[in-house]
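Derivation of every value follows stated rules applied to the coordinates shown; laboratory data play no part. What you see is a predicted model; the values in this text were computed from it and never measured. Here Cβ is always computed from backbone atoms with ideal geometry, including for glycine, and neighbour counts include all displayed protein chains.
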Amino acid sequence: RRTHYRARLPPRTDRTIRKTHAERHKKHPPPHLENKLSQNIYRILLNIQDHIEKANADGRQQQLQNIIDFIEANYSEPITLDDIVKHSFFSKSHLNTLFLEILKTTPMQFVLNLRLQKAQRLLMTTNLNLKRVAALCGFKDERALIYAFRAHLDTTPSDLRKNVRKEI
């Protein structure tokens with residue numbers, strides 16, 4: 001006896017296929033069978049499309065998570081878009097599209113936001129000087145850290161630290 005490989009289909013699709021097959025093989029098919037078959041085939045195609053879209057979305061999330069893991073492991077180093085592209089094996093365009101569609105930001109903006117978040121945490125929880133905080137968080141130097149804080153957080157690292165100490 002020969003066994004055939006059968007792809008695992010979503011339950012709705014499998015039921016629709018079985019129903020269509022049963023109707024097709026009746027001895028006296030109803031006159032509207034052709035229309036019903038078309039409807040069932042259309043339903044099958046929609047179910048398959050849904051299944052494929054879900055699989056693609058899951059795959060995209062995993063791809064994005066791998067890239068985020070790479071960035072989180074290397075944010076303290078000078079990371080360029082080319083470095084992320086090499087790690088991800090995507091083109092720059094595809095990488096930007098993936099980030100924009102899912103995270104609503106670009107890869108390099110994601111890196112900068114992560115660096116700012118890490119710098120804020122260090123400034124609030126340690127007494128490290130700005131030069132050391134900048135180095136630990138992947139900024140070129142203390143001036144780059146200050147510039148990023150002013151541009152994106154409307155404050156300076158020193159002011160953030162002072163305000164946190166006032167609250168304590």
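For this structure, a couple of remarks:
- Label positions at LEU103 and PHE89, each projected 7 Å from the Cα along the C-beta direction, are separated by 2.0 nm.
- Charge tally in the Cβ shell below 12 Å around LYS131, where Lys, Arg are +1 and Asp, Glu are -1, LYS131 excluded: +1
- Highest-first arrangement of 137-147, 91-101, where packing means the average Cβ count within 10 Å: 137-147, 91-101
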